[in-house]
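Have a look at the structure below, then the notes.
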Amino acid sequence: MTYQTQVNPSEQSQTNMRILLIEDDLQAAGFLLKGLREAGHVADHASNGDDGLEMGRDGTYDVMVVDRMLPGRNGISVIETWRAEGVRTPVLILSALGEVDDRVTGLRAGGDDYLAKPYAFSELLARVEGLARRVEPEAAATKLQVGDLELDLLARKCTRAGENILLQPREFRLLEYLMKNAGQVVTRTMLLEHVWDYHFDPQTNVIDVHISRLRGKIDKNFDTPLLHTVRGAGYSIREG
Amino acid sequence: MRANLKVLNSSTFRMSAVYLVVFALSVGGILWYVYWNTAVLLERQTDETIRTEVTSLGEQYRQGGLARLLDTVRRRSAQESSRGIYYFSNQVGRRMSGNLDGLPADALGKSGWIEFPYEVRGTDDRRTHRARAYYTRLSGGFTLLVGRDVEELRQFAQLIRNTLYYALALALGAGLGGGILMSRNFLKRIDTISDTSRSIRAGDMSERIPLRGTNDEIDRLSQNLNSMLDQIERLMAGMREVSDNVAHDLKTPLTRLRARVEAALRENSKPAFKAALTETLEEADELLRIFNALLSIARAEAGQTRDQFAPVDVTEIVNEIGELYEPLVEDAGGALEIDAVDGLQVSGDRQLLAQAIANLIDNALKYAKPPEGSDKKLQIGLSATTIQGNTVISITDNGPGIPARDLNRVTERFVRLDTSRSEPGSGLGLSLVQGVAQLHEGELSLINRNPGLTAKLILPALA
Ligand SMILES: Nc1ncnc2c1ncn2[C@@H]1O[C@H](COP(=O)(O)OP(=O)(O)OP(=O)(O)O)[C@@H](O)[C@H]1O
Ligand SMILES: [Mg+2]
C-alpha cells in the first residue's frame, strides 16, 4: 500500500524537505506522517520493503526513514540495495532492537543514523532534519559562524564579538556539533552520541549541565542568547 | 523381543560386535599359528625324513648293489619302533623285501607321494592306519617305496584342530554374551537417565538421576547432569520470582496511569485532559525505560553478545564517564575525584561498561547526598586499577552506605531500600551493573566503608 500527499504550497517554507517513510505499522506511520507534515515537510509512505525500495531508487528524497523489520524485504536489505545502486540519500533506521550490535549492522549496511523504538517524535524529527542538512556542502569548512560567535576549527579558537572565549576540549566539541547543526534542534541523545560517542540512556540529564556551562561561557556576558533550549526536544544554536 | 532388539540396536552392542570381530580374528590368527607350528610342521618333517631315506637307499643300491639294498630294507622293516614302511619289488612286481604286502593301487607313475590305509601287523587285533609314502622306480625295473605311519600325526592334527575350533567358538560365545550383557547393563543405566529427563520434561523438576556410587563415567555424567538440573531449577525459580516482581512492579504505574486518565475523563475539561495526557506520556516513558532496562539486564545475563566483544580501553571509559558526570556532581555541591591507571584494557562491550559506571555514579549522586543543611560535602571517588590480574573499577561515596543485611538484595531487580523512595528510580540500576559484570565474566562487589559505599566492578583483564 502506497500513498502520496502534497502539502499545501503556501505552507512550504525554505527548509521544507521531501521525506520517504517505510514503515509497516500503519498506525505508527500515520502519526509520523502527520507529525512530519505538520513540521512543514512532504512525506510519502510505503508499507513494505519492495514498494519502499522502488520509491527511494530515483534519489528524489532528502531523507528516507526505514524501519528495520518489514514484511517481504527487510530494511537492511533495502538500504544495501540502494547503496549498491549508488543512491546516496541519507537514511535513518528505525528499530525495535536497541542493541549496540544492531546499531552497528544498521550503520554498516549504509544507514546514516539509527533510532531505537520507542522514540519521542521530537527526537525523530531532530534527527531527520539533521540528516537532511548533512548533505549540504560543509566539507571544507574550517570556520563555523553563528551570529557573532565564531569557531575556528583549525586554530581551535572560539570568539564572540571578537572576544576570546576559553573552552575545554569537550566544550569545544559540543559547540562544534551544535554549530554544525546551527538552526536545527539537536536532542540530548544526539549530543551524547556525537560528542561523547555513548549510546546508552543516562538516567539523569548529564547533558543539561554541560550545556549550561557552555552557555555560561558563550552567552552569559552578551545581550542576545544564541544557545536556546527547545522545550521537550533539546537544544538549538541560532541567531535570535 | 522388543527389548532384545533394543540391545542389538544399542551403541554399546555395536561397539562390542566390532570388538568381537577383531577379537575373533586375532584369536583365530593365534590358533592358526599354533596349528601351523605343530601339525603342519610335523607333517613336513615326516616328508623330509622319507625323502632323506629314499636318497640314502638309492645311494646304497648304487654302491652296494641289490644285495645291500635288500639287506638294509629288511633290517629296517624289522625294527618295530621306527614306524617305517618299506616295500621293494622286482620288474615283474614280485615283492622282494619290506613290511608292506603289496604296492598300493594308485602308485602308478614313475615316482610320487601317495597316502593309503594299511594294516598294522604284529599286534593282536588288526588295525588300519594311514600311511604316507614315496615310491620311485629304480634302474633295472625295481620299485622302492618308503613311508611312515602318520596315523598318530593325523590324530594329533585333528586334536589340535578340534581344540582350536572349540577355543574359537568359546571365545566368540563369551564375547557375544559379554557384549549383550554389557550393553544391556549400560542400556539400563542410560534408560534411567532418559526416564529422568522424560519426567522432568513432563514437569517434575525435582526428579534426579539415581547414582550408583561407583564413580564411573556414567555416575560422573549423572552427577554433572544432576548439578546442571539443580542450577536450572534455581534459575527457573529466580526467573519466576523476577517475572512475579516485574508483573507487580509494572502493575503499580499502570494502575496509576489508568486512574489518572479516568479522573481526567470525569473532570471533562480541556486543561484536565492536557495535564492528564502530559502525565500519561511521562508515565509511559518511564514504563518504556523500565522495559528497556529489563531487556538490557536479561540480555546481559544471557551472555549472548559475548562473541561481539572487542578490546576496550577501560582507562578511557572511566575518564570519559567521569568527565561526563563531573559537572553534575559539582552542581550537587560535591566533588568527583577521578583516578585511572593508564592503559587498562578488558575484552568487552564499551557501551555496557560505560552504562554500568554511569549507573554507579548515579547511585552515589542520589543516595550519598548529604541531607539539607548539613555541612558535609558529597565526595565521590572514581578509580580504575589492576588488582591481582583483574581490572577493578571502584566507585566510592561518603554517604550512608547500604545496611549489611541488604547488600545481597539490592542487586536484585526492583529492589529499592525504603530510605531511598524519595529519589527517582526503579531499582534496576544495580541489576544491570551486576548483569554487565557477569557478561564480562567478572563480578560486582559492594562494600560498606562505614560511612560510605564502595562498589567494585571486577573484570578479568585482557589476556
Ligand atoms: N551508593 C549507595 N548508597 C546507598 N544506597 C545505595 C547506593 N547505591 C544503591 N543504593 C541502594 O540500592 C538500591 C538499588 O539501587 P539501584 O541502582 O539498583 O536502583 P535505583 O537507583 O533505586 O533505581 P535506578 O537505578 O533503576 O534508577 C537503591 O534504591 C538504594 O536504596
Ligand atoms: Mg540506580
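No value in this document is a laboratory result; all are computed from the given coordinates. What you see is a predicted model; the values in this text were computed from it and never measured. Backbone-built Cβ (ideal geometry, glycine too); neighbour counts: all protein chains shown.
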**Report entry** Cα-based equivalent ellipsoid of the range B:306-460: semi-axis lengths in Å, sorted from largest, via gyration tensor
**Finding:** 25, 18, 13
**Report entry** Per-residue average of Cβ from other chains inside 10 Å of A:201-212
**Finding:** 6
**Report entry** Against the rule of thumb 2.2 N^0.38 Å, how large the Cα Rg of the protein assembly as shown comes out
**Finding:** 1.87
Query raised in the report: With Cβ to Cβ distances under 15 Å as the rule, what net charge do the other residues near B:Leu378 carry (K, R +1; D, E -1)?
Result: -4
Report summary line: Simple spin-label estimate for B:Glu282/B:Ala247, 7 Å along Cα→Cβ, in nm, reads 3.0 nm
Query raised in the report: Taking Cα atoms of the range A:143-237, Rg/Rh with Kirkwood Rh, to two decimals?
Result: 0.94
Requested in this report: For B:Asn185 paired with B:Asn319, estimate the spin-label separation in nm (one decimal), with each label point 7 Å from Cα along the Cα-to-Cβ line.
Outcome: 6.8 nm
Query raised in the report: Fully extended, how many nm does the chain gain between B:Tyr19 and B:Ala404 (0.36 nm per residue separation, minus their Cα-Cα distance)?
Result: 132.3 nm
Report task. At a Cα cut-off below 27 Å, give the lysines reachable from B:Lys251, other chains included and same-chain residues fewer than 8 away excluded. Result -> A:Lys117, B:Lys274, B:Lys366
Report task. Would you kindly calculate the translational diffusion coefficient of chain B, applying Stokes-Einstein with the Kirkwood radius from alpha carbon pairs, for 37 °C and a viscosity of 0.692 mPa s, and quote it in µm² s⁻¹ without decimals? Result -> 100 µm²/s
Report task. Would you mind computing, in nm to one decimal, how far apart the modelled labels at A:Thr105 and B:Arg94 are, each placed 7 Å from Cα along Cα→Cβ? Result -> 11.5 nm
Query raised in the report: By average Cβ neighbour count within 10 Å, what is the ranking of B:300-308, B:359-367, A:108-116 from highest down?
Result: B:359-367, A:108-116, B:300-308
Requested in this report: Over all directions, average the projected area of the Cα convex hull of the range A:9-134 and note it in nm².
Outcome: 7.1 nm²
Query raised in the report: When N counts the residues of the range B:250-302, how does its alpha-carbon radius of gyration compare numerically with 2.2 N^0.38 Å, as a ratio?
Result: 1.45
Report summary line: Inter-part gap, Cα centre of the range B:392-463 to Cα centre of the range B:246-270, in whole angstrom, is 32 Å
Query raised in the report: Taking one equal scatterer on every alpha-carbon of chain A, how large is log10 of I(q)/I(0) by Debye at q = 0.17 1/Å?
Result: -1.26
Requested in this report: Would you mind giving the mean number of other chain beta-carbons within 10 Å of the Cβ of each residue in A:114-123, as a whole number?
Outcome: 1
Query raised in the report: Taking a threshold of 26 Å on the Cα-Cα distance, which of the pairs A:Lys217/B:Lys376; A:Lys157/A:Lys220; A:Lys157/B:Lys377 fall above it?
Result: A:Lys217/B:Lys376; A:Lys157/B:Lys377
Query raised in the report: What is the Cα coordinate range of the range A:82-207 on the first, second and third principal axes, sorted by size from largest, in whole angstrom?
Result: 47, 40, 23
Report task. Return the average number of partner chain Cβ atoms within 10 angstrom of each residue Cβ along peptide B:350-358. Result -> 4
Query raised in the report: Want the number for B:Thr255 to B:Glu423: 0.36 nm per residue separation, take away the alpha-carbon distance, what's left?
Result: 58.4 nm
**Report entry** Contact order normalised by residue count of chain A, Cα under 8 Å, 6+ apart, percent
**Finding:** 13 percent
**Report entry** Net length gained if the chain between B:Thr52 and B:Arg208 were fully extended (0.36 nm per residue, minus Cα distance)
**Finding:** 48.1 nm
